[in-house]
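Working notes, structure below.
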Amino acid sequence: MGLISLGRERLRRRSRAEVIVDILSEAMKGANKTRIMYRANLNFIRFERYFGELLSKGLIVVVDNPGSYSGGVVYQTTEKGRELLVILKQARDIVSL
C-alpha cells in the first residue's frame, strides 16, 4: 500500500518532510491552493491535511492579490516557513550523503 509499481521498479512514498518541502517551495512566490496541490503532486485529502497544519503553524499565510482577475485567494510561504524550508533541505542533503 502506498507504493506505485511500474514494471519491476517500485517508487517509494515521499516522506512527510519531502511533502512539506514541496508545498513550501511552491508557495514561495505566492500561488492558489489548486496550483500548490498539483505542483506538490498531492491528492485533495493529503493536501488539505498538510496545508491546514502549515497554515495553523504560521508557515503559510493568505496574501492580498490585487492583480488577480479571478478574485482568488493566494497563499505564500512566511519567513518562518522559509527558515523551515532551508533546514529541511539541509537535512535532506546531509542524509543523502
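The values are calculated or read from the model by the stated rules, or taken from the named source; none is laboratory data. Not measured: the values here are computed from a predicted model. Glycine also receives a Cβ, built like all others from the backbone with ideal geometry; neighbour counts cover every protein chain displayed.
Structural remarks
- Selection count, segment 19-45, where residues are surrounded by 14 or more Cβ atoms within 10 Å (Cβ to Cβ), part of a helix (DSSP H, G or I) and of a type outside the set (S, T, N, Q): 12
- Hey, residue 88 of a type in the set (A, V, I, L, M) and either modelled with pLDDT under 95 or out of contact with any Gly (no Cβ under 9 Å at 6 or more places or on another chain) (or both) or not: yes
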